[in-house]
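All of the numbers you see were taken from the coordinates with simple rules; none came from a lab. The model shown is predicted, which means the values in this text are computed figures rather than measured ones. Virtual Cβ from ideal backbone geometry, glycine too; neighbours counted across all protein chains shown.
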Amino acid sequence: MNVRARVVLAVPWFCLLHVPVLADELHVPTPNYPTIQAAIDAGTDGDEVIVAPGTYEGTGNCDIQFEGKAITVRSQDPNDPNIVAATVIKCGPDDPCDPDYGVPAFGFLPPDGPGTVVAGLTIINGHCPDDGGAIQCMGGSPTIYNCTFVGNRSDDDGGAIFGAGDATITGCTFTGNSSQHKGGAICWVGESPTITHCTFTQNSADEGGMAIWCGWPGTPTISYCTVSGNTCTEDSGETGSAAIQLSEGTCAIVTNCTITGNDGGAVGGAGVWCESSSATIANCTISANTGSPGGGGIGCLGGDLTVTNCLVTGHLQGIGCLGGYAMIENCTVAGNDWGLITVLYGTIDLANCIAWGNQNLVDNYGGQIVVTYSDVQGGWPGEGNIEAGPCFVDPNGPDGDPNTWEDNDYHLGAHSRCINAGRPTDPNDPNTDYSGQTDIDGQKRVMNGRVDMGADEKPPCGSGAAPMLPMTLAVLGISAWVRRRG
């Protein structure tokens, strides 16, 4: 049987003078390629190693190295969740208490680049004595998409993945991974990884980053992810036991994510924590995360934090600033015990926001809060501020209970005084340039000539704008993922 199938990849006219590129499909397992590593060793740039459904373990199927080859290792159909679930790399024993160590499934090193691809595989039971239970990326920049990581663990950082490089991680699911230090699912140090359209549930870390920890100078981007039900397994006293922790000089972007129901345990923001770093958090729903005082939804300690077009609700503290500077713009902060908390030398600058329905607005231990063009329950001095019920569509939800945050609807009603009440556009003030921005539903940020207060932009009556998605806090079902390379 011919197991090395020849396929032709179409190449644009400007490449190779119309000469087609020949690539091979190397199928595993077959007599020629009994293991994944054997197929990679035989392959060349552009080839695909196609792994049949089954469970793969042992030498040649774990601790797999690409050695700089631009090869794709994938299941028979990375788009089919049944195929993905049935194509398993098993890196260690089933019993999590078994003292024997497994090995990671894959290791990446320079010059592994974006053309080095792993797609549509399920990786389980990796157990590493140091970093990265399932994948170790020590400086390479691979592409990992539509993979599932279950029950991997590290005795140090990165229960499923430890990395340093510019990797792209797309459409992956991380469940029940753990680390004894940072990053229950992913720990990334430096560089600029892209993590998008991924789901993180029931991962745990003894310290920070129950799902994701990013640190050291770099520019990580985390977008369109669902992060829920992750925990800190020890009250270690570390600050920042958050689902997503950004630390040690990183410059991160977190957008269009749902971060809900995580339990930090230690002091810090249980949703997102920014420490001695710069971070932009935009168009996110951050809800019902728990932890000791000092955050709950979003917390920062030193550095600069910018939060725009977000809903923050259902926490002990909505937004905490224990030092550094936090700019909160066009956010809805509602249904928290404290809406804002600022401690010591922290400064919070609130603009175009709604702070309503919180049991207390501020618990201030010597910081500074500046509020402008915002709707604040109880009132607040500052230019453009109002105190008026925002007329949320249904802040108590169908069950009539504001404390059951899952069904509460914080969209603006038609008669809200928050409509067209935000900071007026000034061509001389770059802070009032909303071009390219969207509200929390992905709609145009300014629709009526002037920006609204809060996370939601109310479409004008009769505008024909698409109906608003319910701003409820159910975990998003993400179906989009990066399609296979064409």
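A protection proxy built from the mean count of other Cβ atoms within 10 Å ranks the segments 222-229, 341-348, 393-400, most packed first, as 222-229, 341-348, 393-400. Ellipsoid semi-axes for the chain, based on the Cα gyration tensor and the rule √(5λ), read 44, 25, 19 Å when sorted largest first.
Database remark: amide H of Ser277 closer than 5 angstrom to the amide H of Gly249, Gly303, Asp304 (H placed geometrically; neighbours at sequence offset of 5 or more, or on other chains; Pro and chain starts carry no H).
Each of Ser278, Thr87, Asn203 was placed along the dipole of the chain (beta-carbon charges, centred on the mean Cα), and the one lying farthest toward the positive end is Thr87. Rounded to the nearest 0.05, what FRET efficiency is calculated for Thr30 and Asp304 with R0 set to 60 Å and r the Cβ-Cβ distance? About 0.65, to the nearest 0.05. Annotation: amide H-H contacts under 5 Å for Leu26 (H modelled 1.01 Å from N, sequence separation of 5 or more, or interchain): Glu48, Val49, Ile50. 3J(HN,Hα) couplings calculated from phi for segment 431-445 with the Karplus curve 6.51 cos²θ - 1.76 cosθ + 1.60 (θ = phi - 60°) are, in sequence order, 6, 9, 8, 9, 4, x, 7, 10, 7, 5, 8, x, 8, 3, 5 Hz; Gly and Pro show x. Cβ-to-Cβ counts within 10 Å put Glu191, Glu275 in ascending order as Glu191, Glu275, the fewest first. Packing, as the average of other Cβ atoms within 10 Å across residues, places the peptides 75-84, 129-138 in the order 129-138, 75-84, highest first. A simple spin-label model places the labels of Ala85 and Glu383 5.7 nm from each other, with each point 7 Å out along Cα-to-Cβ.
Sequence-ordered 3J(HN,Hα) estimates for segment 85-94 from the Karplus curve with 6.51, -1.76 and 1.60 and θ = phi - 60° stand at 5, 8, 10, 10, 9, 9, 9, x, x, 5 Hz, glycine and proline given as x.
Of His27, His411, His315, the sequence from fewest to most neighbouring Cβ atoms within 10 angstrom is His27, His411, His315.
Under unit Cβ charges (Lys, Arg +1; Asp, Glu -1), what dipole magnitude, rounded to 20 debye, does the chain have relative to its Cα centre?
Dipole of the chain, to the nearest 20 debye: 1320 debye.
Shown for Glu67, Glu329: other C-beta atoms within 10 Å of each C-beta, ranked fewest to most, produce the order Glu67, Glu329.
Computed from phi, the 3J(HN,Hα) profile of segment 364-377 under the Karplus parametrisation 6.51, -1.76, 1.60 (θ = phi - 60°) reads 10, 10, x, x, 10, 10, 10, 10, 9, 6, 9, 9, 10, 5 Hz, with x in place of Gly and Pro. Charge dipole of segment 378-433 (Cα centre as origin; +1 on each Lys and Arg Cβ, -1 on each Asp and Glu Cβ, all else neutral): 280 debye, rounded to the nearest 20. Projecting the Cα atoms of Thr122, Pro31, Gly264 onto the dipole axis of the chain, where Lys and Arg carry +1 and Asp and Glu carry -1 at the beta carbon, places Pro31 farthest toward the positive end. What the Cβ-Cβ distance of Trp216 and Arg417 gives, at R0 = 35 Å and to the nearest 0.05, is a FRET efficiency of 0.15.
Of the residues Pro430, Gly314, Pro381, the one whose Cα sits farthest towards the positive end of the charge dipole of the chain is Pro430 (charges of +1 on Lys and Arg Cβ, -1 on Asp and Glu Cβ, taken about the Cα centre).
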